[in-house]
Amino acid sequence: MDDDSMGSHLSVVIDLSPTHWELSSREAPENTYPLTLATFLSQLLAFLNSHIACRHENTLAVFGAFPGKSVMLYSSSNPVPDSLSTDVNANSYPPFSAVDSTVVQRIMSELDLLEKDEEEAPSALVGSLVKALCYVNRITLPPSSNSKAQANGFHPGVLPDPRILILSVSPDLATSYIPIMNAIFSAQKLKATIDVCQIYGPNTVFLQQAAHLTGGSYIFLERRDALLQYLIMSFLPPPSIRKTLSVPTQEQVDFRAACFCHKKIIDIGFVCSVCLSSECYLPAATSNNNQLGLVFCQPLPVCTTCRTKFPMKTLTRLNAARPLLATGNSAPSQSRLTSGPVTNNGVGGAPHSGTNGAR
Amino acid sequence: MPPRRDGEYLQVDSDSDIEIGPGRKGKGKDKAGDKRKKDKGKGKATEAAYTWEASYTRSWDTVQEDEAGSLQGAVEDWMARGRRRRLLAPAAPVRRTIIRHLVLLLDLSTSMLDRDMRPTRFDLTLQYAREFIVEWFDQNPLGQIGVVGMRAGIGERVGEMSGNPQDVLKAIADRHKLEPTGEPSLQNSIELARNSMNHLPTHSSREILIIFGSLTTCDPHNIHDTLNACVTNKIRISVVALAAEMKICRELCDKTGGQFGVAMNEGHFKDLLFELIPPPAQRALTRAAGAGATNPAADLMMMGFPTRLPDASPPSLCVCHSELRSEGFLCPRCLAKVCDVPTDCDICDLMIVSSPHLARSYHHLFPVKPYTAVMSMVDASDSSGCHGCARVFPVAALVGVSEGMSAVGRYRCPDCRGEFCSDCDVFVHDVVHSCPGCGQ
């Protein structure tokens, strides 16, 4: 194994949404195990230090996802500004104190910049994830093409198995589905592993998929007071060693997609063959999460993305298929939906008779 | 749609014609080239250069080292050219077929044993076919490939239509089972391929890709009838010829809207093959003419997103192989257990895909806007590092940069105004397909 000579790269993406950290730090009865941002940071810094301590060649980058903004907090390739490394302590290992002070001071200054009155934007988790990927891309590029890095005296080489650890506190953001998927595929291309630790809030389907598809592990934190132990036991060893350590893997991965029109997560969707954007028609109040998702789905007469009109026959066929599963759907919405293409039937229906017959 | 590569090929032809002497037409040249090729194929190493050699650009000549002996300038030029091409790409979205069905038709006649491509045409074809299949499935996750071989005057099914790259690769893994013999028959094998795609729905594309090394075909009937049948069935035929242009091959491609190309050398062969990987733009269905006109290929499909069972779940029988397995996917409608996705549920016929399969094709639909090059330090923002990878930007402007390149190494996103280095620009547009600054 060539791990002996090479370190490994770790990018950490921290979700720093003030609202969710506030919710997370509330005492019981709301939380059995409250976790404040300060405790979290001290445990995280211990984890980051242990990553650096594992091997001299190990590299580290830390990204923060603030509301509507993503910032690189620390990276081993960029020299630490002198202003931040003031507190030189004879008893501390300089790289540790550099990481600690840089990360904490940057987080504090970014949080101070946030507007107090404004409604909080969702945290830019995707932006920081893509940035982390850009950074991984940069350090995995052959050294010839980044001569500037060499000039700085930093020889990245090609580090084996770069990984990205996402520490998330926010729930899924349906609008970020496509960028997250794009990020997952590029991580696959870069052979980067994405690990996810969901610290607060419900399970996130998208991040589960990210971990599953890139061969990382997704951990939902049950005992939040034991964060450091989770981090060190599961996320510290590089992926090559994890096989022998039996790091917890996911029990069940949800492979459902989010629909385009309502950004809801669905079981059965209707897909336009022209643009293949998942479409469904869900009434506003559908908390029904059973496997028969078709109960609330309705075919649309016109694709919302590419404005293609669908043949009447398909609509009637799909509508006819629905009552087998659904009972008592709202009649008015159906009539409104089907009234659209009726005028168009003469044009659209004719060429399709063959298709439907063939099925 | 006029095949783009076709034009390029003709371009090469006309160039080389000038070399031979004016007045010769493209076809005449082909025959001349072909004779020489055949000579060489028989092992008589002729010293005469191929006519196309004069027009052939040597890639190693176009790359120039700078004073320091570094190739960086040349590489950056190359990237800039790519960037320009992206900027020139039409802004109007092109409709592409995502669900593709392809039959790969391999020539397994004796002419494939020619050694004009190293080691032999046959071995090279198998090697490239494997690479092609892997890349094809990467870009067309919902597609299916079948393999048909043509040898000894008949078409024989080598691999069933399958959506699993491993199955397709296994079909062509054993070269001894595909040992070339006899004459090829275009008609027999096209008929075989056509019949295996008859049942497919219209919203998917049906394609045949022929890798043809022979210069003859022995057909039982009129091949033009087969051609007409393919046109009616909307099957697109593309041919990569290894020897020379044949009229019937050209006609097959032209009439069905496919692409035709003759491989000049090993590298060109691969290029021709890999050009067929991106999903084809949907054929001219002029929906724009009348707003009410309906695209006959437009249809609404029902798709189910399955639940994946964990590896440690109790084993149960799957509906596709009737084997006891613990892992698998549950159909969302009938809860039947299937082994692999994407597939059609064997019980309720619902198309089962996993959302990553669908999402893989999204980047065709939502491309990132091209970044504009920041031309001088005056325009540049006060950020000191790349917005993506935080690489520090050069402070001094470079001199002598080519068009489309930024002198200060900064490329700006038109939406979020973030500035990126050239590596990130290429990475964001070619790999990630979403801008780190916009975050969408």
With the structure loaded, tell me whether B:R118 is touching a helix residue (DSSP H, G or I) at 6+ places or on another chain (Cβ under 8 Å) and more than 18 Å from B:F274 (Cβ to Cβ) or whether it fails that test.
yes
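Tell me the residue from A:A226, A:A192, A:A210 that is within 11 Å of chain B (Cβ to nearest Cβ) and not β-branched (V, I, T), please.
Values: A:A226 fails: within 11 Å of chain B (Cβ to nearest Cβ); A:A192 fails: within 11 Å of chain B (Cβ to nearest Cβ).
Just a single option satisfies the conditions, and that option is A:A210.
At pLDDT 80 or above, in a loop (DSSP other than H, G, I, E, B) and either surrounded by fewer than 19 Cβ atoms within 10 Å (Cβ to Cβ) or out of contact with any His (no Cβ under 6 Å at 6 or more places or on another chain) (or both): is that true of B:C424 in this structure?
Values: at pLDDT 80 or above: yes; in a loop (DSSP other than H, G, I, E, B): no; either surrounded by fewer than 19 Cβ atoms within 10 Å (Cβ to Cβ) or out of contact with any His (no Cβ under 6 Å at 6 or more places or on another chain) (or both): yes.
No: the conditions fail for B:C424.
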Please find, among B:G437, B:G400, the residue that is buried (at least 20 other Cβ atoms within 10 Å of the Cβ) and either at pLDDT below 80 or within 8 Å of chain A (Cβ to nearest Cβ) (or both).
B:G437
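Would you be able to say whether some residue in the range B:319-339 is closer than 21 Å to A:I266 by Cα, away from chain A (no Cβ under 11 Å), under 30 Å from the mean Cα position of the chain (by Cα) and buried (at least 20 other Cβ atoms within 10 Å of the Cβ)?
Initially, the range B:319-339 is screened for residues closer than 21 Å to A:I266 by Cα, giving B:328-338.
After this cut, where a residue has to be away from chain A (no Cβ under 11 Å) as well, the list is B:328, B:336-338.
Now drop any that are not under 30 Å from the mean Cα position of the chain (by Cα), which leaves B:338.
If we keep only those that are buried (at least 20 other Cβ atoms within 10 Å of the Cβ) too, we end up with B:338.
Taking every residue of the range B:319-339 in turn, at least one turns out to be closer than 21 Å to A:I266 by Cα, away from chain A (no Cβ under 11 Å), under 30 Å from the mean Cα position of the chain (by Cα) and buried (at least 20 other Cβ atoms within 10 Å of the Cβ).
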Note: among B:P296, B:P306, B:P314, just one is at pLDDT 85 or above and within 14 Å of chain A (Cβ to nearest Cβ), namely B:P314
Please verify whether the range B:264-286 includes one or more residues that are modelled with pLDDT under 75, outside any loop (DSSP other than H, G, I, E, B) and outside the structural domain of B:C249 (by TED's automatic domain parsing).
yes
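The values are calculated or read from the model by the stated rules, or taken from the named source; none is laboratory data. Everything quoted here is computed from the prediction, not taken from an experiment. Neighbour counts run over all protein chains shown; Cβ positions are idealised from the backbone, glycine included.
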